[in-house]
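In what follows, a structure is listed as C-alpha cells, so that the remarks can point back to it.
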Amino acid sequence: AAGGASGGSRGASPARTALAPRDTAARRKGKARRGRGKARNEGLLSKQKRSRRMKANDRERNRMHHLNSALDALRSVLPTFPDDAKLTKIETLRFAHNYIWALTQSLRLA
C-alpha cells in the first residue's frame with residue numbers, strides 16, 4: 001500500500017502537469033467562446049425580447065377586448081334611464097351589483 005501510495009503520488013504529479021495546461025486552455029477557449037457568443041446573441045436576445053413583448057401586448061389587447069365586450073353585454077341588460085348614456089366600467093359594475101341586490105331583496109319580500 002505504501003509503495004502504491006508513493007508511486008501514485010509520483011504518477012499523479014505528471015498527470016496533473018499534463019492536464020493542467022489543457023484544462024487552462026480549455027477554460028480560456030470556453031471563456032472566449034462565451035464572450036464571443038454574447039456579442040452574437042445580443043441581437044437574438046433583443047429579437048426574442050421584442051417578440052415576447054409583442055405577444056404579451058397581443059394577449060393584453062385581447063384580454064381588454066374580451067373585458068370590454070363583457071361589460072357591453074352587461075350594460076345591455078341593465079336598466080338605464082337615459083338609453084344613450086354609456087356607463088363607465090366601474091359604474092357598470094356598481095350598478096350591476098346594486099341591481100342584483102335590489103332584485104334579491106324583492107324576491108325575499110315576495
Approximate spin-label separation Leu87-Glu42, in nm, with each point projected 7 Å along Cα-to-Cβ: 5.4 nm
Can you give the FRET efficiency to the nearest 0.05 for His97 and Lys55, using r as the Cβ-Cβ distance and R₀ = 30 Å? 0.30
Rounded to one decimal in nm, the spacing of the 7 Å Cα→Cβ label points at Met64 and Thr104 is 3.2 nm
Sparse-neighbour loop sites [trypsin sites (Lys or Arg not before Pro); the range 40-110; at most 12 other C-beta within 10 Å; DSSP]: Lys86
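Rule-based calculations on the coordinates, nothing more; no lab input. These numbers were taken from a predicted model, which means no experiment stands behind them. Ideal geometry is used to build each Cβ from the backbone, glycine not excepted, and the neighbour counts take in all protein chains shown.
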